[in-house]
Amino acid sequence: MSDTKDRLKKLLNDLYVDDMPNITVKSKFRDDLGLDSLDEQEFIMDLEDEFDVIIYDEEALCFTTVQDVIDIVNTKQAGNPLPLRIRKQIKAN
């Protein structure tokens, strides 16, 4: 997970060099990092390229914190089903 977290933090810092505060796994994309919907779309495309995964719209709606992204990316790379809390969020949306 450390590798995913480090790569994710680097990706965010590369995209938003001067605007990013200290990024933690608890950082919220909108509240703490200040990403708007356009930023989020750009981030998702870069995320897919960086980690060679496909992020579906309903999965992207579950991206609240950095940890959410780490969980989904790690799960997809391992070929496992999404975590139950993410599946519940998708179903609720």
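Considering the options Ser37, Ile70, Leu8, tell which one lies farthest towards the positive end of the dipole of the chain, charges being +1 on Lys and Arg and -1 on Asp and Glu at the Cβ, about the Cα centre.
Ile70
Find, among the trypsin sites (Lys or Arg not before Pro) in the range 2-93, those assigned to loop by DSSP (not H, G, I, E, B) with at most 16 other beta-carbon atoms within 10 angstrom. Walk me through the intermediate numbers first.
Working: sites: Lys5, Arg7, Lys9, Lys10, Lys26, Lys28, Arg30, Lys76, Arg85, Arg87, Lys88, Lys91; in loops: Lys26, Arg30.
In loop regions of the range 2-93 (DSSP not H, G, I, E or B), the sparsely surrounded trypsin sites (Lys or Arg not before Pro) are Lys26, Arg30.
Check each of the chymotrypsin sites (Phe, Trp or Tyr not before Pro) in the range 1-86 and keep only those in coil by DSSP with at most 12 other C-beta atoms within 10 angstrom; list them in order. Kindly include the intermediate steps, with their values, before the conclusion.
Details: sites: Tyr16, Phe29, Phe43, Phe51, Tyr56, Phe63; in loops: Tyr16, Phe29, Tyr56, Phe63.
Answer by residue number: Tyr56.
To the nearest 500 deg cm²/dmol, what mean residue ellipticity at 222 nm is calculated for the chain from DSSP H runs of n ≥ 4 alone, each contributing -39,500 (n - 2.57), summed and divided by the residues? Each step should come with its number before you reach the end.
On the way: 5 runs with 55 residues, N = 93.
When only DSSP H runs of four or more count, the value is -18000 deg cm²/dmol.
To make sure I understand the rule: partners must be lysines, Cα under 25 Å from the Cα of Lys5, and not fewer than 8 residues away in the same chain. Which ones qualify?
Lys26, Lys28, Lys76, Lys88
When the chain is fully extended, how far beyond the present Cα-Cα distance does Asp3 get from Thr75, taking 0.36 nm per residue of separation?
Details: separation 72, 0.36 × 72 = 25.92 nm, distance 1.37 nm.
Full extension of this stretch gives 24.6 nm more.
With a length cut of 15 Å (Cα positions projected on each helix's long axis) and a Kyte-Doolittle mean of at least -1.0, go through the chain and give me the DSSP H helices that pass.
Numbers: long enough: 2-15 (20 Å, -1.18); 37-51 (21 Å, -0.61); 66-78 (18 Å, 0.10).
Going by DSSP H runs, the hits are 37-51, 66-78.
Collect residues whose amide H, placed 1.01 Å from N in the peptide plane, falls under 5 Å from the amide H of Arg30; neighbours closer than 5 in sequence don't count.
Hits under the 5 Å cutoff: Leu35.
Give, as a single signed number, the net charge of other residues whose beta carbon lies under 13 Å from the beta carbon of Gln67, with Lys and Arg counted +1 and Asp and Glu -1. Please report the intermediate quantities before stating the final value.
Details: positive: Lys5, Lys9, Lys26, Lys28, Arg85; negative: Asp32, Asp68, Asp71.
That works out to +2.
Note down the nm distance, to one decimal, between modelled labels 7 Å out along Cα→Cβ at Ala60 and at Thr24.
Spacing of the two 7 Å Cα→Cβ label points: 2.8 nm.
Calculate the dipole size of the chain relative to its Cα centre from +1 charges on Lys and Arg beta carbons and -1 charges on Asp and Glu beta carbons; express the result in debye to the nearest 20.
Details: 12 positive and 21 negative charges, 145 e Å.
Dipole about the Cα centre, nearest 20: 700 debye.
For the chain, report the accessible area per residue in Å² (1.4 Å probe, heavy atoms, rounded to an integer).
Numbers: 5800 Å² over 93 residues.
The answer is 62 Å² per residue.
The values are calculated or read from the model by the stated rules, or taken from the named source; none is laboratory data. Since the structure is predicted, the reported quantities are computational estimates derived from the model, not experimental observations. For neighbour counting, all protein chains shown are included, and Cβ atoms are generated from backbone atoms with ideal geometry for every residue, glycine included. The protein model used for the area step is the full one, side chains on, heavy atoms only, and it has no ligands, DNA or RNA in it. Shrake-Rupley method; radii C 1.70, N 1.55, O 1.52, S 1.80 Å.
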